[in-house]
There are 2 protein chains.
Amino acid sequence: MHSEKKDYEKIKKISKKAALLTSISELLDWDKETYMPSAGGEMRGEQLKLLAGMTHKQMTGKAFSKALSALIDIETGELKATSLPAPEKAALRLWRRDYLRDIALPGKFVEDFTVLTTKAMEVWAEARKNNNFALFAPYLAKIIAMSQKKADLLGYKEHPYDALLNLYEPDITKNEVAKLFSPLKNSIIQLLQTISSKRQLDNQFLSGNFSEEKQLAFGRMLLKDLGYDERRGRLDVSTHPFSCTLHPDDNRITTRIEPDFVMSNILAVLHEFGHGLYEMGLPAEQFGTPLGEAVSLGMHESQSRWWETRIGLSKPFWSRYLPHLQTYYPENFSRISIEQFYRGINKVTPSLIRVEADEVTYTLHIILRFELEVALIEGSLSVKDLPERWNSGMKELLGITPETDREGCLQDIHWAMGGFGYFPTYALGNMYASHFFENFEKNIPDWKNLVEKGDFGSIETWLKDKIHRYGRQYTGRELMEKNSGKSFSEEAYLSYLHKKYSDIYKE
Amino acid sequence: MHSEKKDYEKIKKISKKAALLTSISELLDWDKETYMPSAGGEMRGEQLKLLAGMTHKQMTGKAFSKALSALIDIETGELKATSLPAPEKAALRLWRRDYLRDIALPGKFVEDFTVLTTKAMEVWAEARKNNNFALFAPYLAKIIAMSQKKADLLGYKEHPYDALLNLYEPDITKNEVAKLFSPLKNSIIQLLQTISSKRQLDNQFLSGNFSEEKQLAFGRMLLKDLGYDERRGRLDVSTHPFSCTLHPDDNRITTRIEPDFVMSNILAVLHEFGHGLYEMGLPAEQFGTPLGEAVSLGMHESQSRWWETRIGLSKPFWSRYLPHLQTYYPENFSRISIEQFYRGINKVTPSLIRVEADEVTYTLHIILRFELEVALIEGSLSVKDLPERWNSGMKELLGITPETDREGCLQDIHWAMGGFGYFPTYALGNMYASHFFENFEKNIPDWKNLVEKGDFGSIETWLKDKIHRYGRQYTGRELMEKNSGKSFSEEAYLSYLHKKYSDIYKE
């Protein structure tokens, strides 16, 4: 037993070193998006590359594999350590899994892929700007070819897409995602048809002239109310909002300020707060082990969407904060009732751009991308046919057709950066959140009163207790089952959408 | 020849890796002093320690010493590379010198010293706060003992202090510094006596109520006028102003805002601009080699003091900027003439605190510290007698005596952080600047007109041409001789002080 503990500590020590290097990279990335002088970019790239190489070396080096294989058979996954507690056994399994992933891709391959995607992102930006899909197409074709190769190197049982998907969302397959998305698609299209037959809502009052200074002050006020610990985190402004965590004691979130639209900043703050809260709730003493890491991108998104949509687009939240908003912007909001405001921020309109989509149509954007990227990876769709298939998909799902590729298949950066398998995690996040929320409402039935009082403590404790504190000890689905006793499905999410939006669109 | 070039590239590659790691540490330090959430400090310490270890490993590892010893005999310093150009030969000599320094201190020693000084800085802060020298004394004694050991490990010819001094200012000995300081001391004391017999100047108008926002705006306006390239640098606020450079394309300077004193921020901006300009003027293509590094702390200080005192405390500078200041703060300055202003900002008063000292008395503060730290290191002064010797030294040099150790020997952090040998570089910087300035005035005789017009370009080009572009190829004294044809002495500095201040205090 003593020796197993000692071997475990050896693994932990190397893994912590790698985690420290990763946390440094996080700061470099944060700085790049916030304060770095523009000419510093080239140097920043070199710094990040050096750190990535060093991190990879730690986690694939002999010292690590030797220590690991003393406690778990790397080939078969069979545990050799028998005396360790369950969480540490789980950690060993995850370290092994990550190790197999890390050694699967040769250094040369990773470098070539980085060179390709770095260039591809530049070309994509140019192509999008000039609405020129042909410019981007050859790069996309190369990225797809390399992603297929990547899937082969990583290995998979059923479908090459699984290997890519699992980089972001482990423990789920393409077929399982498809099985979740299929009823979602039909049901949301139906809901959308119902909505479109109702009286359209007004949300014009959300547009206007909102100074950066005031918007930031409002965001900071929200964070303070939410209990975002300013000794352990901070808020800045960037082009695209993000959350970045160096350690549970050092989280940084950013927001985007749109001077003519008030909700953009508010929803970004709430969204990134959710990401930050997850990271700040991970056990600091497990920093550097899988037990100190978030489960998956989908689980992460469930936490950000929880605060952005389940709380931030709810009526009790705005019962509390509309009066604040009216104080900040009396001209814009003093005549707006809570009912008007609530319905306005939840207005549903099929639109072309994913990041501007409402809660109902958002998932359809994801489903389209999922179907297309699966087809691209398995080779049943060729790059040249992508724009047309994108447009027909939009017509089928949302009833609208982009007039340009810029508003169509060129709108997102994900494929240019080689992120095949990333998109589904956005939709899974919403579904996970709803699954958890059902049980949350049972455990804390007066949550609406709490939110109305600005008392968020017990909500946060609930999330930490049910999710954050476990790190990666359980998969997302295990956590959901453990929490609700029910196995995960799309039902909670659909029921939430239908209930909320048939109430909003009752007339 | 081909093989020498190849070996040189090998050295350069390793050295560049180390420089990248150091540049990352610079960012971590900058962030720590500017934006890091307070709870992130513990993690930051671990990150910095990891990077320092990795950097040290690069520059002392077998790969490096093997590549280096192919081109230079590490034992004797004899060059084996014959075909390389002079700058690269100089680089090899410097790499060797740094290597010998880096391997001289065992890892355990460095770590113990860091642990000791980290604790000592905490204790010092406490001791200073409570004016309790006895609390700090045992830590200081330990630091001195370890510094003596450090000097032995590093090696020296004449005096153990030389080994410590050379960490900050290579190519100069304690005896040489003493020989420079001796006439300085007598002459400045004499000047001070003359000044004290004259009519005292008024500088009350520099105090008042100056908002952070306006002060920052004024600082940014100055930087813009000075041509500080905002694509390659930025200005922030911190408790203690500093300059930090990741690469010639990424420099960051900070300023301190004192809401009741207008000059603090202005002089900090000019001072740190000088440091920044030096680093931004180093040849970027030499990043990672000694040819891309600054000569010494003294040379660095010569550049910061150049802009802070030679330019920033000059009459032509304020002929241009007093009208600006009057626009920013009409109530404070509209009735102040340029003559009044110029004399006010150059008012000389013996005072207790080094960082608040004027240009004339500043050097006396340094001489006191130099004499005391030499005595502490050679053992002719014991820690318990330090407060008394400090006070009698102040009486002798400045004619005033601190009433508390807080305003006396506890005021500076340098000894607590183990920085014996650091202080003289402040005075050397002023002297270097004056030596260069004599020739600068010959080369650019209309500099006063240029400054009055806000045309700083040719001054900056001169500095880059004479100093920055060489990196460490020449020592500071070589650069000065190369530039002026005269060997370096204290004369230029003394002549500057006497001329300037006998004009200011003519009545």
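With respect to the conditions (1) assigned to a helix (DSSP H, G or I); (2) surrounded by fewer than 17 Cβ atoms within 10 Å (Cβ to Cβ), B:L180 lacks only one, and its number is (2).
Go through A:E388, A:E396 for me and flag whichever is closer than 19 Å to A:W415 by Cβ and without any contact (Cβ under 8 Å) to a residue 40 or more places away in the chain. That would be A:E388, the only listed residue that is closer than 19 Å to A:W415 by Cβ and without any contact (Cβ under 8 Å) to a residue 40 or more places away in the chain.
Being within 14 Å of chain B (Cβ to nearest Cβ) and touching a helix residue (DSSP H, G or I) at 6+ places or on another chain (Cβ under 9 Å) holds for only one residue in A:D98, A:D31, and it is A:D31. If the condition is being touching a residue at least 12 places away in the same chain (Cβ under 8 Å) and of a type in the set (S, T, N, Q), then region A:399-409 contributes only A:T404. If the condition is being in a loop (DSSP other than H, G, I, E, B), surrounded by fewer than 17 Cβ atoms within 10 Å (Cβ to Cβ) and not basic (K, R), then region B:71-85 contributes B:D73, B:I74, B:E75, B:T76, B:G77, B:E78, B:T82, B:S83, B:P85. Out of region B:232-254, which residues are away from chain A (no Cβ under 11 Å) and touching a residue at least 40 places away in the same chain (Cβ under 8 Å)? Matches in region B:232-254: B:V237, B:S238, B:T239, B:H240, B:F242, B:S243, B:C244, B:T254. Taken over region A:201-226, the residue count meeting the criterion of being free of Cβ contacts under 8 Å to residues at least 40 places away in the same chain and assigned to a loop (DSSP other than H, G, I, E, B) is 0.
Within the set B:K442, B:K448, B:K506, the sole residue that is modelled with pLDDT under 95, farther than 23 Å from B:G292 by Cβ, surrounded by fewer than 19 Cβ atoms within 10 Å (Cβ to Cβ) and among the basic types (K, R) turns out to be B:K506.
Each row is one residue, and each column tells you yes or no for (1) aliphatic (A, V, I, L, M); (2) away from every other protein chain (no Cβ under 12 Å); (3) under 30 Å from B:R232 (Cα atoms).
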{"position": "A:E46", "(1), (2), (3)": "no, no, yes"}
{"position": "A:L68", "(1), (2), (3)": "yes, yes, no"}
{"position": "A:D102", "(1), (2), (3)": "no, yes, no"}
{"position": "A:L105", "(1), (2), (3)": "yes, yes, no"}
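Restricting attention to region A:59-70 and to residues that are buried (at least 20 other Cβ atoms within 10 Å of the Cβ) and free of Cβ contacts under 8 Å to residues at least 60 places away in the same chain, the residue that is farthest from B:M36 (Cα to Cα) turns out to be A:L68. If the condition is being surrounded by 18 or more Cβ atoms within 10 Å (Cβ to Cβ) and either touching a strand residue (DSSP E or B) at 6+ places or on another chain (Cβ under 7 Å) or closer than 27 Å to A:V177 by Cβ (or both), then region A:336-353 contributes A:N346, A:V348, A:P350, A:L352.
Okay, residues lined up against (1) farther than 18 Å from A:W307 by Cβ; (2) in contact with a Ser or Thr (Cβ under 6 Å, 6 or more places away or on another chain); (3) within 14 Å of chain B (Cβ to nearest Cβ):
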position	(1), (2), (3)
A:L191	yes, no, no
A:S196	yes, no, no
A:S207	yes, no, no
A:S211	yes, no, no
A:G219	no, yes, no
A:D225	no, no, no
A:Y228	no, no, yes
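What number goes with the only condition from (1) in contact (Cβ under 8 Å) with a residue 60 or more places away in the chain; (2) over 30 Å from A:T118 (Cα atoms) that A:I367 does not pass? Unmet for A:I367, out of (1) in contact (Cβ under 8 Å) with a residue 60 or more places away in the chain; (2) over 30 Å from A:T118 (Cα atoms): (2). The single condition from (1) facing chain A (nearest Cβ under 9 Å); (2) closer than 26 Å to B:M280 by Cβ; (3) part of a helix (DSSP H, G or I); (4) not β-branched (V, I, T) that B:R93 fails is (1). The residue of region B:392-411 that is surrounded by the most Cβ atoms within 10 Å (Cβ to Cβ), among those that are closer than 17 Å to B:I189 by Cβ and of a type outside the set (A, V, I, L, M, F, W, C), is B:G393. From the list B:L180, B:L153, the one residue that fits, being closer than 16 Å to B:E371 by Cβ and in contact with a helix residue (DSSP H, G or I) (Cβ under 8 Å, 6 or more places away or on another chain), is B:L180.
Looking at A:K13, is it more than 27 Å from the chain's Cα centre (by Cα), surrounded by fewer than 18 Cβ atoms within 10 Å (Cβ to Cβ), more than 14 Å from chain B (Cβ to nearest Cβ) and in a helix (DSSP H, G or I)? The answer is no for A:K13. Per the conditions (1) out of contact with any Phe, Trp or Tyr (no Cβ under 8 Å at 6 or more places or on another chain); (2) crowded, with 20+ Cβ neighbours inside 10 Å; (3) within 11 Å of chain B (Cβ to nearest Cβ), the sole criterion not satisfied by A:P37 is (2). Considering A:K62, A:K119, the condition of being among the basic types (K, R), farther than 24 Å from B:F287 by Cβ and more than 13 Å from chain B (Cβ to nearest Cβ) is satisfied by A:K62 alone. Of the residues making up region A:39-56, none is out of contact with any strand residue (DSSP E or B) (no Cβ under 8 Å at 6 or more places or on another chain) and in a loop (DSSP other than H, G, I, E, B). In region B:16-23, the count of residues that are buried (at least 21 other Cβ atoms within 10 Å of the Cβ), more than 7 Å from chain A (Cβ to nearest Cβ) and farther than 20 Å from B:T289 by Cβ is zero.
The values are calculated or read from the model by the stated rules, or taken from the named source; none is laboratory data. Source: prediction; values computed, not measured. Quick reminder, even Gly has a Cβ in these numbers, built from the backbone with ideal geometry, and neighbours come from all protein chains shown.
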